[in-house]
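The values are calculated or read from the model by the stated rules, or taken from the named source; none is laboratory data. What you see is a predicted model, and the numbers here were worked out from it, not measured in a lab. Cβ: placed from backbone, ideal geometry, glycine included. Neighbour counts: every protein chain shown. Just so you know, the surface numbers come from the protein's heavy atoms only, side chains and all, with ligands and any DNA or RNA stripped out. Shrake-Rupley method; radii C 1.70, N 1.55, O 1.52, S 1.80 Å.
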Amino acid sequence: MTPPSLPPCTPPLAPPPGDGPRETAALRAGVRTGTLTRLHRGVYVRTDEWSPLDGRDRHVLLSHAVMSGLGGGCVVSHSSAAAAHGLPRVLEEHPDVVSVIDPRRATTRRSTHLLRRPGHVRADDVEIIDGMAVTSLARTAVDVARVEPFADAVLCADAVLRQLVLPEGHRTGPAVVAALGEQRVDLLARLGPTSHPGGRAARRAIEFASPWAESGGESLLRVVLFELGLSQVELQRRFISPEGDVVGRCDAFLAASGTAVEFDGYVKLTDPRMLHGRTPAEVMRDRARRDQRLLACPEVRAVVHSDYLDLVEPVRLAGLLRPAGVCLDPRRVTAAARIAARRFTGSSR
């Protein structure tokens, strides 16, 4: 899969080398009038091109601005590398601090818009994306798993495994399982001993990760189901009708209760690429018909549709699962709600 390109935004502006203060004053005047936005020291961009960008694109552009002032040897890493690769994270907003690995440093140092971590990156673990040195997919998954919360680590590792194991789309079979095993062993080997900082939590996330989650939303759905106490979840389970016809796949299947769980992101009703020429009403009609075909399969006793808000508030998801026959421990539901509150709002309620 080709890494996402630099956002379609005018390259950052900076005073030409050797010029006097007049050009610098003009840039600062642009900031005062709102026509320019200052990204980093000496680096500016047109506000009308900056404002429409989403969190990921803004962070990637900031990374380019920061890297333009760093010496050689620094490599964009951790969550900043994940943004450059287009890997998902729980929150859409990205921090305004760019993470890099700097081989010249012995300790971690943070300054405005920049977090330097000590370390070395092997040459084969560096990729060039739009002219910027970035850690490879595998190295990024390991670095993110070491420092980010469990959900963010899983979302990142899921997407990396999907690109490494299933570059041509969904597949199953012994060859895929073997390839997954090799990639997981490689990621775990990169972690080193669990005594390393963040090693135990990172190992847990990578062992949990799966290439069969087809989006960040599906990855987060599986995380929340796990936090609700549902550890036996099959991703992208394929169903065959009693007549032998292929009905399709569901995002997550809870075999113990025969419940198919679908994650319905809003993009399915708004993105023209996913609508395939249909109206939202036609999408809902097709969904209902597909549900009927799923329920005709002997393994399926219920179909549950969830959305993003159900993952933000797991109590809502629990309220959808219980009527479908899924047994949930109230204590696990309460615990999942607390975890979600910390994840999305920082609250400890």
Quiz prompt | Candidates 207, 168 - the one that is over 19 Å from residue 122 (Cβ atoms) and at pLDDT below 95 | solution = 168
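Within region 46-72, can you find the residues that are among the charged types (D, E, K, R) and more than 14 Å from residue 130 (Cα to Cα)?
46, 48, 49, 54, 56, 58
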Practice problem: Scan region 43-58 for residues that are of a type outside the set (Asp, Glu) and either under 9 Å from residue 93 (Cβ atoms) or open to solvent by 70 Å² or more (accessible area, probe 1.4 Å) (or both) and jot them down. | Solution: 46, 52, 55, 58
Quiz item: Among 107, 140, which is in contact with a strand residue (DSSP E or B) (Cβ under 9 Å, 6 or more places away or on another chain) and touching a residue at least 40 places away in the same chain (Cβ under 8 Å)?
Solution: 140
Practice problem: Please indicate, with yes or no, whether at least one residue in region 297-305 is part of a helix (DSSP H, G or I) and surrounded by fewer than 14 Cβ atoms within 10 Å (Cβ to Cβ). | Solution: no
Quiz prompt | Selected residue (only one of 227, 182, 214 is closer than 21 Å to residue 308 by Cβ and at pLDDT 95 or above) | solution = 227
Exercise. Can you work out which of the residues in region 315-341 that are in contact with a Lys or Arg (Cβ under 9 Å, 6 or more places away or on another chain) and within 24 Å of residue 148 (Cα to Cα) is most open to solvent (accessible area, probe 1.4 Å)?
Key: 338
Quiz item: What residue, among those in region 221-257 that are closer than 21 Å to residue 340 by Cβ and of a type in the set (Asp, Glu), is surrounded by the fewest Cβ atoms within 10 Å (Cβ to Cβ)?
Solution: 227
Quiz item: Name the pairs whose Cβ atoms lie under 9 Å apart, with the first residue in region 26-42 and at positive phi, the second polar (S, T, N, Q) and modelled with pLDDT of 90 or more, and 6 or more positions between them or separate chains?
Solution: 34/47
Quiz prompt | Flag for residue 218 being under 21 Å from the mean Cα position of the chain (by Cα), of a type in the set (Asp, Glu) and either over 25 Å from residue 297 (Cβ atoms) or crowded, with 19+ Cβ neighbours inside 10 Å (or both) | solution = yes
Exercise. Just name the residue that is farthest from the chain's Cα centre (by Cα) out of those in region 232-256 that are at positive phi and part of a strand (DSSP E or B).
Key: 248
Quiz item: Are any residues in region 118-131 crowded, with 19+ Cβ neighbours inside 10 Å and under 19 Å from residue 59 (Cβ atoms), and if so, which ones?
Solution: 127, 129
Quiz item: Which of the following residues is surrounded by 16 or more Cβ atoms within 10 Å (Cβ to Cβ), in contact with a Leu (Cβ under 8 Å, 6 or more places away or on another chain), of a type outside the set (Lys, Arg) and modelled with pLDDT of 95 or more: 66, 98, 134, 76?
Solution: 98
Exercise. Kindly provide the set of residues from region 178-208 that are open to solvent by less than 20 Å² (accessible area, probe 1.4 Å) and without any contact (Cβ under 8 Å) to a residue 60 or more places away in the chain, ordered by number.
Key: 180, 187, 191, 199
